[in-house]
Amino acid sequence: MATTDKLLVAFQHFDEANKQDPNTEVFEGTTYPKEVLYGIRMTERLNEFDPTASEALRLTARCQHICRWEIPRESYEMNREGYLRWRQELKKFHAKKAASILENVGYDDETIDNVKFLLEKKQLKKNEETQSLEDVICLVFLEFYFEPFAHKHPEDKTIDILQKTWKKMSKKGQDAALKLPLSKFSLALITKALQG
């Protein structure tokens, strides 16, 4: 998997933008801006899951949450309709933000259009790269964010989220999920969700 200089420069720009994140997360004793850490996790998981991923897919994984804090969830109604509207706005926002950075780095229109297409999650289940991206998003969620989420929410909501997550994944993604280094607590909930 060749890494181009341009790709590394783009990663640097994405990370610089995400360093403005006022939210932080401590991981293995180091404090990170939350979205910087998320971008690194997405890149590492994609490298394992799909070592031959295209440059556009690798760029998309790194900028999947670019400057997400600028559109807080609380700015939309706290119901399902508000959540879905927030998600739609985020997709457009991430695509625009990423395109601007990629133009500055010197990427061509075709690559930029591919990244925007992937960030907007077009043709999930039909487009191989969109599906790979979704699998990696789900794997990162399950490995790093699921357990804290589960401790904050009732079990029935947690099971529902797990079942929805599972449906979004390909067979390859589901197989990879079962090999993640999950706690007994998380594995028990996943087993329950899959039996439901």
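The values are calculated or read from the model by the stated rules, or taken from the named source; none is laboratory data. As the structure is a computational prediction, the values presented were derived from the model and not from experiment. Please note: Cβ atoms are built from the backbone with ideal geometry, for glycine as well, and neighbour counts cover all protein chains shown. When the accessible area is computed, the model is the full protein with side chains, heavy atoms only, and any ligands, DNA or RNA have been set aside. Shrake-Rupley method; radii C 1.70, N 1.55, O 1.52, S 1.80 Å.
Loop-located chymotrypsin sites (Phe, Trp or Tyr not before Pro) in region 87-152 (DSSP state other than H, G, I, E, B) with a sparse environment of at most 13 neighbouring Cβ atoms within 10 Å are absent.
Short-range pairs are left out: with C-alpha atoms under 8 Å and at least six residues apart, the relative contact order of region 1-114 is 28 percent. Volume per residue of the convex hull around the Cα atoms, evaluated for region 127-195, comes out as 78 Å³. The label point for residue 69 and the one for residue 83, both projected 7 Å from the Cα toward the Cβ, are 2.4 nm apart. The slack between residue 145 and residue 160, meaning 0.36 nm per residue of separation minus the straight C-alpha distance, is 3.8 nm. The trypsin sites (Lys or Arg not before Pro) found in region 1-70 that occupy coil by DSSP, while having at most 14 further C-beta atoms within 10 Å, are 19.
Within the set of other residues whose C-beta is less than 15 Å from the C-beta of residue 196, count the net charge using Lys and Arg as +1 and Asp and Glu as -1. Combined, the nearby Lys, Arg, Asp and Glu give +1. The GluC sites (Glu not before Pro) of region 10-110 meeting both criteria, a DSSP state outside H, G, I, E and B (loop) and at most 12 other C-beta atoms within 10 angstrom of the site's C-beta, are 28, 77. An ellipsoid equivalent to the chain, defined through the eigenvalues of its Cα gyration tensor, has semi-axes of 27, 19, 17 Å when rounded to whole angstrom and sorted largest first. Spatially, region 120-188 and region 52-66 are offset by 18 Å when compared through their Cα centroids. Only helices enter this figure: runs of n ≥ 4 DSSP H residues, each worth -39500 (n - 2.57), summed and divided by the residues of the chain, yield -21000 deg cm²/dmol at 222 nm to the nearest 500.
For the chain, the share of accessible area belonging to carbon and sulfur comes to 51 percent (1.4 Å probe, ligands and nucleic acids excluded).
Per residue, the chain exposes 55 Å² of accessible surface when a 1.4 Å probe is rolled over the protein heavy atoms with every protein chain present. The amide H of residue 25, built 1.01 Å from its N in the peptide plane, has 32, 34 as neighbours under 5 Å, considering only residues 5 or more places off or on other chains. Mean sequence separation of contacting Cα pairs (under 8 Å, at least six apart), scaled by the length of the chain, corresponds to a relative contact order of 18 percent.
The lysine pair count for region 127-195, using Cα distances under 15 Å and pairs eight or more places apart or on different chains, is 5.
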